[in-house]
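Peer 1: One structure, pasted below without further comment.
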Amino acid sequence: MLRRVTLFSLSKRKKEDEKVAKYIVKRFGAALLSLFIIITLIFCLLRLMPIEGYLGANVDKLSEEVIAAKLAAKGLDKPVPVQLFNFYRNLARGDLGKSWIYRENVDIVKIIKPKIKISAKLGAMAMALSLVVGIPLGALMARTKGKWPDKLGTGFIVFLQAAPSAVYFLFIQMYATKGTGLPMLYNDSKPISWILPIISLALPSIANYGMWMRRYMVDQMNQDYVKLARAKGVSNKAVMMKHVFRNAFVPMVQTIPSSLLFTIMGSLYVESIYSVPGMGGLLIDVIQRQDNTMVQALVLIFASVGIIGLFLGDILMVLVDPRISLTGKGESR
Amino acid sequence: MSLFRKGAVMEKASEGMADQLEKALRDSLPDDLTPEQVAALDPSRFEMAEYDDTLAEKTGYSSYSYWRSTFRAFWNNKVARFLLIALLVLIAFTIIQPHLPGQRPPAQIYDFDDGSVMRNLPPSHDFWFGTNAVGQDLWARVWSGTRTSLLIALIVAISDNVIGITIGILWGYVRKLDAFLTEVYNIIDNIPRTIILILISYILRPGMATMIISMCCVGWLGMARFIRNQILMIRDRDYNLASRCLGTSTGKIMIKNLLPYMVSVIMLQTALAIPSVISDEVFLTYCGLGMPKNIASLGNLVEEGRKMMMTSSRYQLIFPALVVTFITVSFYLIGNTFADASDPRNHV
Amino acid sequence: MKKYLALLLSVVMVIGLLAGCSGGSDQPAGGEGGEAAGTDPYTGIPYSSDTEYDYLYSAEMTSWNYLVTSVSANQKILANFVDTLIEYDNLGNIVPDLATSWEESEDGLTWTFHLREDAMWYTADGEEYAPVTANDFVKACQLVADVNFDSDMPDMLTSYIVNGSELYSGAIDDFSQLGVVAVDDHTLEFHLKNPCAYFLTLLTYGCYLPVNAEFYDSCEVENPTPTINDSGEEELVTNEFGTDYDKILYCGGYLCESWLPQEGITMVKNDKYFDADKIYITKINGKYNAQADSIAPEMFLRGEIDECSVTTNILDEWLNGDNAQYVHQSKSLGTIMYMLFNFNPKIEDEAVNNAYKAAVNNINFRRSIQYGLNKEYCLSAYDPYYAKDRVANLMVPSDFAIVNGKDYTEFGDLPELAKGFYDEAKAKEFRDAAKAELEAAGVPLPIQIPVFYNPSTPNMDNSFQLIEKQLEELLGNDYIDITVYAGPSTNFIGEVRRPGKWGLYEQGWSPDYADPATYFEPFGYGWTFGSQEYIEGEEYRTGYIYTEEDFKNFVIDDEDLVGTEQLVFNSLVEDARFETDLETRYEKFAKAEKYALEEALLMPYQQYNNGYIASKLALFEAENSMAGICASKYKGIHMLEKSYSMDEYEAAKAAWEADKAN
């Protein structure tokens, strides 16, 4: 009998695995399609912009003949579909092209690589910090629900989410460096200069993690199994740690891969005030300079990151939470 | 569409529900009573009640009214009550402010008698919030900016709702559209929100219309997804099936059975849309893609004030920042409280 | 172009501008090897013993290819790495640099330069690479004349040098036919299409810098996989010249020690440089910060950097507080901003457009605005304290073009015109006249005047708001109705100026060479601000100079022609442009300018500077030139103990001007 049960559950698991695989493949295909549509759309839209951006800084001082010669040399007199086709041909070889304006004639991959590294490094540290601070904060608030630590925490979280971050980041930079010996600007070789950017980067996520952790825990605290555990006489602490916290952490897991991946996008505010040479604001920068190849490349990267992040998050959830079954949910759609 | 991600909104709502439940639980089932408390209990409550025919007949009907319960639940929260009143006063004031006597037009530039501009005057009796770098009255500009930003926020929130609910219903009900809409949703949802905002603001010319359009483009997503999920979930619940079996019309099911479930979330979504629109506006302005600077908006005022932070003119930052913070905090808290209150499960 | 302006005008990189100078003969010799002793000759402030200069910048370099880039942020740095044939001293005199002497042929068509023999190319590490020879200039010019090299400024070369345009357009493809010849290693010849009086000043432009051919070729790398260029062709090799700091050679006073994009740049003195004794600042550390405007002042006060710009936002605080001892104006740049009328308006609302068109063709209307515009008041948005210093009343700045000791602005009636037109009573007279004439013609009043500001130019929005207020209050809301719109912060010119949706437009122009002609280019044939379509036709370029009489006699009777005075103006400019005798030439340009101003075709509005700064650089020791890249050199510049205060700045300026007058 025991044997039969095992066999049954094994075959069920196998079926489940197939489902997961199928699901992954399907998701992957859809993701590729989304990427294709996004890139094509951006590519065409950028071609609708005025020509100034293609001609460098001196366009007003160029004569008509020179402008015409330049456009022809760049292939911009060709129809958009041809240009698009060339773009995809290069993309297929893993070549994102060269920047035109942001750093003239330099491979985009070469520009972006070190930036991603720095943003990811700081971002990962900030994320670690925010998890280490935010999760216990949320747990503490949930445990002391309605009492002053909870109220204080809520106030802190609401403030962080409500106040314009451009303002309080600058505030931190100006006042935290006064007399403390902390440098105002980031320096890759001096870890002490990383402190303030990391804290600034972490603050909003601390608020975020704290808020969600508290919510999930409070949610769990009302579940029947918690009542049962308490009725059984399990100590409050044990209930919290063993049951509530663990279960509440599961939904948090899902967001971690994408948050981690998104750190490579950098933070516009923080990186720009601390001179962190990362990705923050790069997209805006290249958009404003109309460096089309860079815009395409960045949109491609960010969209891919978004898709991969979601994807990993979902997979992770399936792995972490045994209750989730693709079959069940799939049918309810 | 991501299968496992609960709607963010749902989770926010569920917190409120959980709060209420827990409170009820605590109130009804005190963990351990002290001997004094035990002594204080009314012994008559432990006596057997006698059977009474008339009382037995009374069951089965309550004078439950959804909206009254909602408002009562909301009104019981002191902070929310206070914030609501303060917010209403603020909104009323922003609307009537230009019609009050002695108010200055926000775009008027003031000169001294010698022809120089009244720049950066600190707050005074004449100019309550001082003047800005071009000699405009900051008091008038803050309120005019609040008006602009609230107007944008309102338009965006309403269109988020309209677009979101329409698409959500279509998505949930019309099976043929499901795959297509799911794909559209995926495409938009896969790109970070800020990138969409930036791209749209860049491609169109910066201005109020662009800002509204770009925010609407990303705002309806959450709502539509939520409505769709709700429709799929609630449609086939037992009590709805029962209703349908008993001959209740679809319309009535929608209004009486489905809508109350959604009102809480729609309200919450609307309330949260307003602060997020305002912070998006501040963000876009920071990126240089905001509204024309001569139109006062909270984003513009904060951005202008930010440059003054380290000077004695920092009042130019403090006033608009206070308004932004206040509006955001109150909408956030009120929205959450109202969402809790409007959830019928909390009316027990 | 928008970017050019934005970068040129808005950005914090004042630093580069205050750079180096060739150390005129009257300079006290600074201590050797950076051991600074002595004092600033103009104020007596002692030189600092610190010879390391730190600053914060917000515009990162986009290219190291000095032959290609016209972005000012790049040129400011690169000017210190690669020397020019000639340069300027701090009083603005042309002095030898890479060329020790030069002569012009009788017909003015051939210029011969004799190069110095001790100039060497160095790698970024400071290793000697090769001597700088005439061939390096030939190679560079041939590259610039190649359309595939994609230089930003080919016109600066191809329109002067024999066969330049033909090579650029591909009509001929043998680059040895270009009119730049290396007679021997140290003798260089330029063959010009036409005599050019100001040719020397062109040579300080990026496209006339040398490049070592061997090094250039060595930068060629094979693509691991052939990429497809935008024309759909496969590219097997890429030349990486000028993509990074170690992808160029150095022959200037500084070497680049390190450069991390968006992080910082470190420049060190090249001790082997032939003019090394004129390099006083031994090390220059630039730190990148996108928010430099807000952060640099605080860092300056904490002593972490030696220079910051003091934006209008914080100016009050600085000028009136303790910091007044540091803050002063920056030197005027050659950039002149003009307030333009739109002679070819395409305002979307047709009725508005027609009314505006009728008004702008009415001289009394234009004059009412010209006489009514209080520039000093409107410019107080840029500089509330010394707005007067910004006001420009002439098309060409003073101190820019000088012949035989006489400044261009002293020719003809220009001294009179330099006083400006602002006169409220007269403005009202012209308004009344214009009103009567326009009403008689059935033009509805008020005339709608849409104006656009560029959001990425600081203070421009405020300035336009002041213009709106000032003009409307003076001339009355029933006469004009100015509406200020925000343009897009990107593609401003493409979105606003070219489509012609504006009624008044503030447009800047920076000089390319030291001759008044450069300021007339945007208003002459083939170029234009505000009337492009109308002067493009070939028939008007036949060389025949139309006179006012011709228009009165309907020699040209095209009904679509608007602003016929423009053609007169253009003919006057053409007349002046081909004059080779400098005095007559300036005389003729002055005449054209007088015509343009008196007919109110355009209104010079302001002469740009970088606003207020606190800087320890002795900025009057910098090479003085409004055109070209030399003014960005740190050569000859000392660091001071303290930044000038406004008083010290004015004193230094006065002393410097006196020095110059001698």
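The values are calculated or read from the model by the stated rules, or taken from the named source; none is laboratory data. Computed from a prediction, not measured in an experiment: that's the story for all the values here. Please note: Cβ atoms are built from the backbone with ideal geometry, for glycine as well, and neighbour counts cover all protein chains shown.
Peer 1: Kindly indicate whether any position in the range C:77-99 is under 17 Å from the mean Cα position of the chain (by Cα), within 14 Å of chain A (Cβ to nearest Cβ) and buried (at least 22 other Cβ atoms within 10 Å of the Cβ).
Peer 2: Yes, the conditions are met somewhere in the range C:77-99.
Peer 1: Which of the following residues is within 14 Å of chain C (Cβ to nearest Cβ), touching a helix residue (DSSP H, G or I) at 6+ places or on another chain (Cβ under 6 Å) and at pLDDT below 75: A:Val59, A:Val80?
Peer 2: Matching residue, one of A:Val59, A:Val80: A:Val59.
Peer 1: Going by the conditions given, is C:Ala171 among the small types (Gly, Ala, Ser) and crowded, with 16+ Cβ neighbours inside 10 Å?
Peer 2: no
Peer 1: Restricting to helices (runs of 4 or more DSSP H) lying wholly in the range B:246-348: which have 2 or more residues that are closer than 17 Å to A:Gln161 by Cα, within 8 Å of another protein chain (Cβ to nearest Cβ) and among the aliphatic types (A, V, I, L, M)?
Peer 2: Fully inside the range B:246-348 and qualifying: B:315-342.
Peer 1: Also: Would you point out which residue out of C:Phe274, C:Phe365, C:Phe341, C:Phe300 is aromatic (Phe, Trp, Tyr) and under 21 Å from C:Met460 (Cα atoms)?
Peer 2: None of the other options fit; the residue is C:Phe341.
Peer 1: In addition: Test B:Arg141 against the stated conditions and say whether it is out of contact with any Ser or Thr (no Cβ under 7 Å at 6 or more places or on another chain) and exposed (fewer than 15 other Cβ atoms within 10 Å of the Cβ).
Peer 2: Against the criterion (out of contact with any Ser or Thr (no Cβ under 7 Å at 6 or more places or on another chain) and exposed (fewer than 15 other Cβ atoms within 10 Å of the Cβ)), B:Arg141 does not qualify.
Peer 1: So is A:Ala124 small (Gly, Ala, Ser), assigned to a helix (DSSP H, G or I) and outside the structural domain of A:Leu35 (by TED's automatic domain parsing) or not?
Peer 2: yes
Peer 1: Tell me, please, whether a residue that is in a loop (DSSP other than H, G, I, E, B) and within 30 Å of B:Gln316 (Cβ to Cβ) can be found in the range B:85-101.
Peer 2: yes
Peer 1: Moving on to the next point. Looking at the range C:375-419 only, could you name the residues that are assigned to a loop (DSSP other than H, G, I, E, B) and within 15 Å of C:Pro604 (Cα to Cα)?
Peer 2: Within the range C:375-419, C:Ala392, C:Asn393, C:Leu394, C:Met395, C:Val396, C:Pro397, C:Ser398, C:Ala418, C:Lys419 meet the criteria.
Peer 1: So how many residues does the range C:473-513 have that are charged (D, E, K, R) and either over 16 Å from C:Gln448 (Cα atoms) or touching a helix residue (DSSP H, G or I) at 6+ places or on another chain (Cβ under 8 Å) (or both)?
Peer 2: 6
Peer 1: Within the range B:117-136, count every residue that is within 14 Å of chain C (Cβ to nearest Cβ) and either surrounded by fewer than 21 Cβ atoms within 10 Å (Cβ to Cβ) or at pLDDT 90 or above (or both).
Peer 2: The qualifying residues number 4.
Peer 1: Next question. Give just the number: which of (1) β-branched (Val, Ile, Thr); (2) at pLDDT below 90; (3) out of contact with any Ser or Thr (no Cβ under 9 Å at 6 or more places or on another chain) does C:Ile314 not satisfy?
Peer 2: (3)
Peer 1: Quickly run through the range B:117-166 and pick out the residues that are assigned to a strand (DSSP E or B) and among the charged types (D, E, K, R).
Peer 2: B:Asp137
Peer 1: Which one of the conditions (1) more than 26 Å from C:Thr580 (Cβ to Cβ); (2) part of a loop (DSSP other than H, G, I, E, B) does C:Gly92 fail to meet, given that it meets all the rest?
Peer 2: The one condition C:Gly92 does not meet is (1).
Peer 1: Are any residues in the range B:45-79 under 30 Å from B:Ser330 (Cβ atoms) and at pLDDT below 80, and if so, which ones?
Peer 2: Correct list: B:Tyr64, B:Ser65, B:Tyr66, B:Trp67.
Peer 1: Filter the range C:140-160 for residues that are surrounded by 24 or more Cβ atoms within 10 Å (Cβ to Cβ) and more than 16 Å from C:Thr69 (Cβ to Cβ); which is nearest to the other protein chains (Cβ to nearest Cβ)?
Peer 2: Only one residue fits best here, namely C:Thr158.
Peer 1: While we're looking at this one, here's another question. Which condition does C:Ser571 not pass, out of (1) assigned to a helix (DSSP H, G or I); (2) at pLDDT 85 or above, if it passes all the others?
Peer 2: All conditions are met except number (2).
Peer 1: What's the number of the condition C:Tyr371 fails, among (1) within 14 Å of chain B (Cβ to nearest Cβ); (2) assigned to a helix (DSSP H, G or I)?
Peer 2: Condition not satisfied by C:Tyr371: (1).
Peer 1: Could you please give the count of residues in the range C:323-362 that are aliphatic (A, V, I, L, M) and not in a helix (DSSP H, G or I)?
Peer 2: 7
Peer 1: Is there any pair with a first residue in the range C:413-427 that is under 13 Å from C:Val396 (Cα atoms) and a second that is modelled with pLDDT under 90 whose Cβ atoms are under 6 Å apart and which are 6 or more apart or on different chains, and what are they?
Peer 2: Here the result reads C:Leu417/C:Leu597, each pair linking the range C:413-427 to a residue that is modelled with pLDDT under 90.
Peer 1: I've got another one for you. Which one of the conditions (1) more than 32 Å from the chain's Cα centre (by Cα); (2) under 22 Å from C:Ser380 (Cα atoms) does B:His125 fail to meet, given that it meets all the rest?
Peer 2: All conditions pass for B:His125, except number (2).
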